[in-house]
Amino acid sequence: MSGRLTGKVALITGAARGQGRTHAVRLAREGADIIAVDLPGAIDTVPYPLATKDDLEETVRQVEALGRRIVTHPADVRVLADLRAAVDAGVTELGRLDIVVANAGILTMGTDTAKAFLDVVNVNLVGVLNTVTAAEPHLPDGSSIVLTGSTAALLVGTVDRGGAGGLGYAHAKRQVARLGHDLSRVFASRRIRVNVVHPTNVRSGMMDNDFMYHAFRPDLPEPAREDMIPALVDKSPMGVPWLEPSEISEAVLYFACDESRWVTGQQLKLDGGQLGPVSDAGVPA
Ligand SMILES: NC(=O)c1ccc[n+]([C@@H]2O[C@H](COP(=O)([O-])OP(=O)(O)OC[C@H]3O[C@@H](n4cnc5c(N)ncnc54)[C@H](O)[C@@H]3O)[C@@H](O)[C@H]2O)c1
């Protein structure tokens, strides 16, 4: 099936690389035009490089290769005024807005300072709220909002043990889960759906970097990607080290398109078995 999003426009934050890029490409393949937002520059508590201008240009190239339109607007999701300007400009250029994917995120795990906690909460939680705030005036009834949480953040004793930065990541993502639930009630009367995807480890710039190699293999002086893989597999009940970004995009597509028009307030955990086995909560007796 294709053309499920023909005539629709999607706003995607963090669209320069990783999941944001594959979300843009997947939605474009179904006919959507894209407003792509990403951050120019760095955040000093993030222990790996964020996306570059070239990354954003590569997203543009891949979307345009599908014959879809894409406009890019550099903006920091922490700055509501900039985000509003970016979204307003994108909507003027592409004519409408039907889908919001609040995907931009950072991980400041391992940095044990208050600033690391505050930076990650400001991007991963306040940035999500800002994205919805900037988009809301443009959204017609029946549109779709998808937020990005995290499986690890829902588990106690994983990322929340990674210093103040890791705790901030867990805090922000748990609040995003709650936000998705409560916003779904707020928007229900307009038939605007709000759902949350919670990925387990994903092979993107956030995981596939020197900092993570060292975090998962502290026993090695110069660990590489291949050294980290067994450690990831070891922690996965299904034996999967990480998912591909495009696998998360399939879930985003489901929530973006009309097949899910009566589905809202859901927390879809793409967890590789990470959560299911640890609890019977919510399972009928
Ligand atoms: N990679 C994983 O293992 C994993 C697991 C669970 C959840 N997530 C979440 O998935 C989402 C996407 O991450 P990813 O895996 O593609 O990582 P990534 O680092 O490749 O992509 C994140 C993107 O967000 C952008 N960004 C960061 N701060 C921003 C800001 N202030 N304003 C605008 N853009 C900003 C980055 O430049 C980058 O392009 C994030 O919310 C992340 O927390 C990732």
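The values are calculated or read from the model by the stated rules, or taken from the named source; none is laboratory data. All of these numbers come straight from a predicted model, not from anything done at the bench. Because the Cβ atoms are built from the backbone with ideal geometry, glycine has one as well, and the counts that use them run over all protein chains shown. Heads up: the accessible areas ignore ligands, DNA and RNA and are worked out on the full protein's heavy atoms, side chains in. Shrake-Rupley method; radii C 1.70, N 1.55, O 1.52, S 1.80 Å.
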Check your understanding: When only C-alpha pairs under 8 Å and at least 6 residues apart count, what is the relative contact order of region 1-86, in percent?
Key -> 30
Study note, to complete from the structure: region 31-46 and region 194-267 have their Cα centres apart by a whole-number Å value of 19
Review point. With point charges of +1 on the Cβ of Lys and Arg and -1 on the Cβ of Asp and Glu, referenced to the Cα centre of the chain, which listed residue (Ser204, Ala114, Ile34) lies farthest in the positive direction of the dipole?
Key: Ile34
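Can you give me the accessible area per residue for the chain, using a 1.4 Å probe, in Å²?
Counting only protein heavy atoms, the per-residue value for the chain is 44 Å².
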Practice item. Roll a 1.4 angstrom probe over the protein heavy atoms and tell me the percent of accessible area of region 164-285 that is carbon or sulfur. Key: 54
Exercise for review: Could you state the angle between the C-alpha long axis of helix 53-64 and the longest principal axis of the C-alpha atoms of the chain, as a value from 0 to 90 degrees rounded to the nearest 10?
Suggested key: 50
Point to revise | Angle in degrees between helix 18-29 and the longest Cα principal axis of the chain, rounded to the nearest 10 | key: 30
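Against the empirical 2.2 N^0.38 Å scaling, what ratio does the C-alpha Rg of the chain come to?
Working: Rg = 18.1 Å, N = 285, 2.2 N^0.38 = 18.8 Å.
In units of the globular-protein estimate, the chain measures up at 0.96.
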Check your understanding: Angle between the Cα long axis of helix 80-94 and the longest principal axis of the chain, 0 to 90 degrees, nearest 10?
Key -> 50
Review point. For Asp210 and Val156, what is the calculated FRET efficiency with R₀ set at 45 Å and r taken between the beta-carbons, to the nearest 0.05?
Key: 0.95
Revision key, fill the gap. In a Gaussian network model of the chain with springs linking alpha carbons closer than 10 Å, the residue among Ser184, Ser260, Ser246 that fluctuates most is Ser260
Review point. Using alpha-carbon pairs under 8 Å, 6+ residues apart, how would you state the relative contact order of the chain in percent?
Key: 18
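Based on the Cβ-Cβ distance from Leu220 to Ala65, what FRET efficiency comes out when R0 is 41 Å, to the nearest 0.05?
Working: r = 39 Å, r/R0 = 0.96.
Working from the Cβ atoms, E equals 0.55.
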Exercise for review: May I ask you to compute the full-extension gain from Ser236 to Glu93, defined as 0.36 nm times their residue separation minus their alpha-carbon distance, rounded to one decimal in nm?
Suggested key: 47.1 nm
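Please compute the net charge surrounding Thr59, taking Lys and Arg as +1 and Asp and Glu as -1 over other residues with Cβ under 9 Å from its Cβ. Spell out each step's value before the answer.
Details: positive: Arg17, Arg21, Arg61; negative: Asp38, Asp55, Glu57, Glu58.
It works out to a net charge of -1.
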Review point. Using a simple charge model, +1 on the beta-carbon of Lys and Arg, -1 on the beta-carbon of Asp and Glu, nothing else, what dipole does the chain show about its Cα centre, in debye to the nearest 20?
Key: 840
Practice item. Mind checking which of Val128, Gln62, Phe216 is farthest towards the positive end of the chain's charge dipole, using Cβ charges of +1 (Lys, Arg) and -1 (Asp, Glu) about the Cα centre? Key: Val128
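Calculate the translational D of region 112-169 in whole µm² s⁻¹ from Stokes-Einstein, where the hydrodynamic radius comes from the Kirkwood formula applied to all Cα pairs, the temperature is 10 °C and the viscosity 1.306 mPa s. Mind showing how you got there, number by number?
Working: Rh = 12.8 Å.
Translational diffusion coefficient: 124 µm²/s.
Taking the Kirkwood radius as the inverse of the mean 1/r across Cα pairs, report the Rg/Rh of region 5-148. It would help to have the intermediate numbers written out before the result.
On the way: Rg = 14.5 Å, Rh = 15.0 Å.
Ratio value, two decimals: 0.97.
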